[in-house]
Every structure is written in structure tokens, then in C-alpha cells.
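Everything below concerns the one structure shown next.
The values are calculated or read from the model by the stated rules, or taken from the named source; none is laboratory data. Owing to the predicted nature of the structure, the values given are computational and were not obtained by experimental measurement. In this analysis, Cβ positions are derived from the backbone assuming ideal geometry, glycine residues included, and neighbour counts consider all displayed protein chains.
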């Protein structure tokens, strides 16, 4: 679709940018250049309005009232679940559990499955690429149950070591918990092959899709993953809402994560029986407006088209990679052949926090730090990196501003 | 000085590039290690105190420019001063970078080395970088082996307001 030298998006970029109120502001007197999308993406007006419309016209508690507002709220809330089901192509809407985010979804599986079915000696396999959210819950399980955490190494370029993975999994492996896309490096993991190999040894697979869901088409049936988790706010939705997808038969067997209202069928002081799926895992009043707004965000990106989005983000990544790798002193960390729009880099003699502060002075927002992936930083031998991450509303001009900002850093530290 | 990035002024850049009193101090009587594991700033500080006087001071380590320049400036300010003066400098530097300029003692008002760091008070996420060497000095003077300025020890961290009943 794109000319090699002058790529252009297959959608109206100016119109899309105008949909995002936050993008039109200045920071330190410069137009905001927002390149921290892997941390959190911005929200289009239509999503904000959907949130407000719900809250202004139909808010009531769900699944409880017989009155009109409660029915409206319930319909909108359950219709949002159906939107998510379609987005990830789950077989059933009841396989979509609302959580606060990807982190809570991992914790739910750790509690509901891990603490119920896993025991001493059972092995949990993660990769060096993982975000802390897909490490720490499993470490907590290991500490409590005597399970063993095994870690799949990566190559210097940030690619999962496939042979090591195959050697690591075996009859003791009960759970493979792996990211679909690295948040720090952008590496896309060959997750379908990971899942098939894990199933070959009888292990379950939880996929951390926090970075993948906004950029790749996710089809949980085609992947055949057992669990898939992602967050709303990286997908142009609100914070405080996320999704756990789980296969129906597994969710049925799992213990509830939290107890409370909505998750019960009947309560007596002698015994409580639990509600059916998905409500068994949704104790308490959920983040109704946030769920509805997330569905709106999914519709918004769907209307632009995930494949068009992916193509444009790839063009931004390629341009940034080309420009930055020709800058003296810049070293790009993470050079896997299959990446999404993330460029982590180091600048010789300059700490990433100094890069981040100077770029901020230029109105450019990037992440400087360990990206909640300290073991990965240890593997790469750096305390932190500077990371620019792109969304479909970014422009080639913004890539050039990033590079100009990096040159300014070099000048200042020259 | 680049007006677009006032934080990285000439003094800070100079002390970052050519840190003073850099290197391990032989015959140190007081030592401490400063470490901010989240951002990676890491330094070792040594002092030789004779009686009530800082006779010599040296530091080494790897850190961001703000932390390194702060450490370098600190060594120049503290060298050949009394321990009491050093403690006052710690307290005054802390006041400058947290924007509490009214708390700076008369002795250190108008200190241009401190003035170079004043802009950091607008950048709460970087205060911990600037103050790490000074907290490390405090640890060394107090006989503690380590210091950090992350978490609860971060002077710019969001603090819960206390609402005591009385």
C-alpha cells in the first residue's frame, strides 16, 4: 500500500488526529508529540462521549433492578461484552470476564486456577520478555505452593529462544504464561507455535496480550490459547477496565477470585452457591461505564481497520528505526524481525532519564525507565532504556521531531 | 546554556562531563553507597574526616547527569568544611531542589552551585536523582552504609496528607 520512500496511511490521518482532544495541546510551548502509547494510548472523543452518555442517560446498577434504567444499563453493559467477544473472536460472550486490566486478569488466573489446581513441583514457564505483571503473580504462587518458575531466554536481538523453549517445557509444565508482544522491545512472539508446543506437553497457556490487542488482530479460537488478557487503556479506552478471556470449560472449573454481590446464585449462612459464567468472576458492581466505553474504543479502531492501523504503525516504526540507527551514538535495543511500533534505544554516555527530560522540554513524551521489565533490562545489561512507542495517530513529522530531539540531547551532552 | 532546556545548564553539564573528586578515596574514614534501583543511579562515596573537618571526599559510580553533577558539586561544597557545615549544606540543598527556598540558611542563600539545581523543583520525577548523593553523604556521616531516595525516601514522592484528629 505504501510508497517505500513516502509512506502514507490508508486512512485520513488529519481527521483521526482531530478525533483526539488531547493531541491538540502544547507542552512547554511545543505541540505535544505523544510517543508513549505502549504505556497508555489516548482516547478519542467518541469514546469520551459514550462514557458521558452512559453516565448521563442510563446509569444504574446492572443485573439487579427491574426498573428501566437498570435494564438499559444491563443491556449496554452486556452488549459491550459481546463487542469484546467479537473483537477477539471468542466462542461465547460468557468467556469474556471484565477485570480492572491485564494485571488483574493474570492475578485472577493465578488465584482461580493456580491456587486451586497447581502444587509443589509444578512448573510455570515465562519468558525473559515478560512485564512484571506476568512474573510477580506466578512468583507469589511459587512461594505459596512450591511451584517452580522456569524462564525462556532470548537472543541479543530480543527474539525468544525457540530451542530453549522446547527444551524447557515437559511433563512438569502446568502453565506457560507468555507475552504476545514485548512492551519494552516490541518483539512479536510466535505465540501460536508457543501455544501448540505447550499443549503438546499438556500445559495450559496464558497469553499477555496487553501490547498485542491494540495492534494485531487477535483470534483466541485460532490461537487456541487457554487464557488471553488485555487492558482497555492501551486500546484507546479508559483505565480501570480490562479483559480476561478464558475457555469456558476452564473457567467453569476455576474457583472465584473474589466473593461478593453478583457472583452468587444463592447465599445462606450454611452455604453459598456461585453464579454462572461470567458473573462468577465479577463480584461487586463492575466498572460499567468503562466497559461500555471500551466497547466504543474497539468500534472506533475497528472502523479505521486493524490492518490499516498495523500497516501505518509499521511505516512509523520503519522510519524511526531507519533514522535512529543512522544517528551516531544511538543503539536500538530489540531488533527482532517481527516487531510492532516500539523503539527502545540507548544513547552513548547519556542516561535514559536525561533523554526523557530533554525530550519532554521539546514537548515529546517518551518513556524512560525499566518498563516494568527489570529482568529484561538485566538481560540487556542496561539499567533502563528510552522508549518511543507509536500509535496510528502519530505522524512521520513526529518521528522526525523525535530524531531532532535526540540530536539536541547529543548537542547538549556533546 | 540552551534556553530550551534550562535544566541542563552549563554548570550541570560541566560537572557531569568532568566530575570533580571522582574516584575511590584512599584511607576513607566514612563510606556509604547510594542506590536507586528503579532508575539505576548508583554511587559510592568516601570521606576522610579528621576531628570535625572533612579533609577529603571522593565518589564513583554510574548515574544520570543530574545525579553525577549533583555528586560532583557536593564534593566541592563539602570539602574542607566542618561536619556541621556539611549537614547544613545537605539540608539547604534539599530545600533548594524541593522548591522550599525560604528554608535555605543565610550561609547558603545565593549559592550559585545550588542555584543551578533550582529548576529541578519543577520536575518531581528527577528530584530523587539530584538528592541521592546528599542522602548518601548523610548516611556516611551518620554511620549508615547505604542510602536510597526512591519510594518513601523520595522527597518529591506523592505523600498522603496526615489528618490527625487534634
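Residue check: is residue B:112 closer than 14 Å to residue B:12 by Cβ, surrounded by fewer than 22 Cβ atoms within 10 Å (Cβ to Cβ), in contact with a helix residue (DSSP H, G or I) (Cβ under 9 Å, 6 or more places away or on another chain) and touching a residue at least 12 places away in the same chain (Cβ under 8 Å)? It is true that residue B:112 is closer than 14 Å to residue B:12 by Cβ, surrounded by fewer than 22 Cβ atoms within 10 Å (Cβ to Cβ), in contact with a helix residue (DSSP H, G or I) (Cβ under 9 Å, 6 or more places away or on another chain) and touching a residue at least 12 places away in the same chain (Cβ under 8 Å). Please tell me if residue A:75 is at pLDDT 95 or above and within 30 Å of residue A:225 (Cβ to Cβ). Yes, satisfied.
In the set B:82, B:63, only one residue is more than 17 Å from residue B:135 (Cβ to Cβ) and touching a residue at least 12 places away in the same chain (Cβ under 8 Å); that residue is B:82. Can residue A:177 be described as in contact with a helix residue (DSSP H, G or I) (Cβ under 6 Å, 6 or more places away or on another chain) and modelled with pLDDT of 95 or more? In short, yes. Listed by position, the helices (runs of 4 or more DSSP H) inside segment B:1-118 whose residues that are in contact with a strand residue (DSSP E or B) (Cβ under 9 Å, 6 or more places away or on another chain) and within 18 Å of residue B:149 (Cα to Cα) number at least 3 are B:65-78. Filtering segment A:120-134 to residues that are outside any strand (DSSP E or B) and touching a strand residue (DSSP E or B) at 6+ places or on another chain (Cβ under 6 Å) leaves A:122, A:128, A:129, A:130, A:134. Within segment B:119-147, the set of residues being assigned to a loop (DSSP other than H, G, I, E, B) and either more than 20 Å from residue B:45 (Cβ to Cβ) or within 14 Å of another protein chain (Cβ to nearest Cβ) (or both) comprises B:123 only. Under the condition of being in contact with a helix residue (DSSP H, G or I) (Cβ under 9 Å, 6 or more places away or on another chain) and part of a helix (DSSP H, G or I), the residues counted in segment A:234-249 number 3. Based on this model, can you work out whether residue A:324 counts as more than 12 Å from every other protein chain (Cβ to nearest Cβ), buried (at least 22 other Cβ atoms within 10 Å of the Cβ) and either modelled with pLDDT of 95 or more or assigned to a loop (DSSP other than H, G, I, E, B) (or both)? Taking the combined requirement at face value, the residue does not satisfy it.
Counting only helices (runs of 4 or more DSSP H) that sit wholly inside segment A:1-99, those with at least 3 residues that are in contact with a strand residue (DSSP E or B) (Cβ under 6 Å, 6 or more places away or on another chain) are A:68-88.
Apart from one condition, residue A:358 fits all of (1) over 30 Å from residue B:69 (Cα atoms); (2) assigned to a helix (DSSP H, G or I); the exception is (1). All of A:409, A:342 fail the test of being more than 10 Å from chain B (Cβ to nearest Cβ), buried (at least 20 other Cβ atoms within 10 Å of the Cβ) and touching a strand residue (DSSP E or B) at 6+ places or on another chain (Cβ under 8 Å), apart from A:342.
Please verify whether segment A:259-266 includes one or more residues that are more than 16 Å from the chain's Cα centre (by Cα), more than 30 Å from residue A:117 (Cα to Cα) and not in a helix (DSSP H, G or I). No, that holds for no residue.
So which residues in segment A:381-397 are away from chain B (no Cβ under 11 Å) and surrounded by fewer than 21 Cβ atoms within 10 Å (Cβ to Cβ)? Answer for segment A:381-397, where residues must be away from chain B (no Cβ under 11 Å) and surrounded by fewer than 21 Cβ atoms within 10 Å (Cβ to Cβ): A:381, A:395, A:396, A:397. Considering segment A:346-362, the residues that are touching a strand residue (DSSP E or B) at 6+ places or on another chain (Cβ under 6 Å) and either within 10 Å of chain B (Cβ to nearest Cβ) or crowded, with 24+ Cβ neighbours inside 10 Å (or both) include one that is nearest to residue A:158 (Cα to Cα), namely A:352. Here residue A:371 fulfils each of the conditions (1) surrounded by fewer than 24 Cβ atoms within 10 Å (Cβ to Cβ); (2) within 14 Å of chain B (Cβ to nearest Cβ); (3) closer than 21 Å to residue A:20 by Cβ apart from (3).
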